[in-house]
Each structure stands twice: as C-alpha cells, then as structure tokens.
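Q: Dropping a structure here in structure tokens format, bear with me for questions.
Nothing in this text is a laboratory measurement; each read-out follows from the coordinates by a stated rule. Everything quoted here is computed from the prediction, not taken from an experiment. Neighbour counts are summed over all protein chains in view; Cβ atoms, including those assigned to glycine, are modelled from backbone coordinates with ideal geometry.
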Amino acid sequence: MHDDGSTAARPSVDRTRPLGVLAGFDGSDQAQRALLYAARAAQRLDVRLTVVTAYTVPALAYSDASQIPTVPAEVARLSAAQDVLDAANALLDGYPGEVDLRTEHGDAAGVLVRLSEQAVLAVVGARGRGGFFGRLLGSVSSALPAHAHCPTVVVPRGYEVDAGEGISRFRPIDADTPVVMGTDRSPRSRAALDVAVQAALARQAPLHLLLAMTLPDAWGASYMAWLPDPDILERQRTQLAAELEEDAAALREAHPGLVVTSEAVLAEPVGTLIEHSRSAQLVVLGTRGHGRVASTLLGSVSQAVLQRAEGPVMVVPDGLEDAEEAPAS
C-alpha cells in the first residue's frame, strides 16, 4: 500500500504558513488522487487544505468584430476554472477539516511556486489532462519540486482512492511499509533526511536509507580508463555502506523506537528508487545532491523518478529553514 500515513503522533509544523497543505487541481483523474492525498496529509498535520485551480487567458486576434465572442475570454476561462473548483469541492464532501478553495490567474507552475511560500506542503498529480487550463500538469509536477519553497509530493496514478466513504475517506491510513530516503550523504541532503525521519516517526513506520552508486557504464569511457583496480567499486560501496550505517545508528540513538535500516548498492539510481517505490509508502528525495554518487539530482534522477514512480514521492528543497518543523506527510 502506498499512502500518506497513519494516525500516529502529530508532527509539528510551521503555523506561520497559513495555506497549510496546497493542492493543485485541474479536474483530471490524477488531480483527484492528489487531492485525496492532500486531504489526508492536511488531516495528519492538522492544518488547512488549500485547493487551487489556475487558469490563463490566451491573447486572441479577430479579423472583424463579428468574430469577437459574446463572453470575454477571461470571463469564460474564470467560469471554467470555477467549475473545476466546484468539482473539487464535491470530491471533498464530508471532509472534516478547514478548506480554502481558490482560482488563480497565471501559469500553473508559477502560481503554485508562489503560493508554496505560504504552505507547509504542496501536492500535485504526476500528470493532468491539460493543465490548469494552460499547462500540462506533467510539466507542473517537474517544475514545482525544483522551485517550491516547501516540500512537494507528486502522487502517482496508482495511489489508492477507494478507502471508504464520508469522513473515513480522508483519514490517514496506518501502514507498516517503510519510508525510503534516497541519499548521497551530501550536506545538501540533510534537510531531506530530517523530513524523512519526521515522516517515518509520524507514521510509526520504519525508515530505510538508500544510497545507489551509479553504474560504471554511465560514467563514460575516459573515467573507466582511470580506474586502477577492478575491485575499486566494491571497496567504495563497502565504505559507503559502513558510513551510511553509521548515519542509521545515529538516528536510532536519537529516536529510540524508530527502526532504521540502510543499504548501499551498485545499481542504476532511477531504476533502484522506482523499484523501492512499489513497496514504500513514501520515497523522499532532495532537489539535488553532490558528492561521490549521483542519486538526488533534480532534472536527472529525481525527475525520472517523479515520472515513473509507483508510489508518492516527496522532494525536499535545499535550505529548508527549520527541518524540525518540516511536514511529515
């Protein structure tokens, strides 16, 4: 089961961000799944659920006055966006928390990035049906994690939606599957690791630290020619595995009761993370990393994982100011 969590201890969040959980909605099936995830996340965090439909107005030229529509394009687009928002409201029938439904004029990705400054978590579907009336949600799900001011969850096509009726549909679901943190142990991945820890604690779920070393055939012939010893890769993997286990041990000591496992593998990072997404309830990545392995670079590995993951993926931005108050959903 891939889910956004349990009814365990409620994590602390930044209450100065009034939008709470921000959900982008365009009416598509993917957006409906993302909306349900966002609603469950907002219930876990005890914050407002903000649902946004963005729209754009194309610049049109008419050869004569008879072609000018009776209803101005801006009015028509706004009305259509409001209809989509009404559909979101209907999907939230019985939702017990505070909801803010709003239409916003502008490019979907730009609107969501701007609003993410006031949110603790942003949620979008992996793909939409044409994009908040102006942009494919698939491109939004790539652009938003790279530029958002809060963690972003991208919800895949297979996310479970039929989990009861009424209020029970919005209740976070207990699961004992792990939260998986994709890491390269770089300093820039520390905020993402802290968020992954909080996510696992909130779910009372195990945390699995995963480090994937890039396969040699991806390094290029010139780099391969540099390798002086055929066993160098295994020695490096063993060293990284030991260092990663030290990280896991430190987390177990800092958080008694948290089950933390670690794994360093010589494997193609995207495929490895996608494979883990099939059984993890959440995969957590940083926007990008640097160091001895390439495992969390947005635009390469992270973007590929976002497009093909079979479970929810959270991308945590660089420089998250207060990881202790980062969302755990």
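Q: For 181, 314, what ranking results if the residue with the fewest other Cβ atoms within 10 Å of its Cβ goes first?
A: 314, 181
Q: By counting other Cβ atoms within 10 Å of each Cβ, how are 56, 16 ranked from fewest to most?
A: Fewest to most other Cβ atoms nearby, the residues stand as 16, 56.
Q: Order these by the 10 Å Cβ neighbour count, fewest first: 302, 28.
A: 28, 302
Q: Near the amide H of residue 121, under 5 Å away, which other amide H atoms are found, from residues 5 or more places off or on another chain, if H is placed in the peptide plane?
A: Counting only residues 5 or more places away or on other chains, the set is 22.
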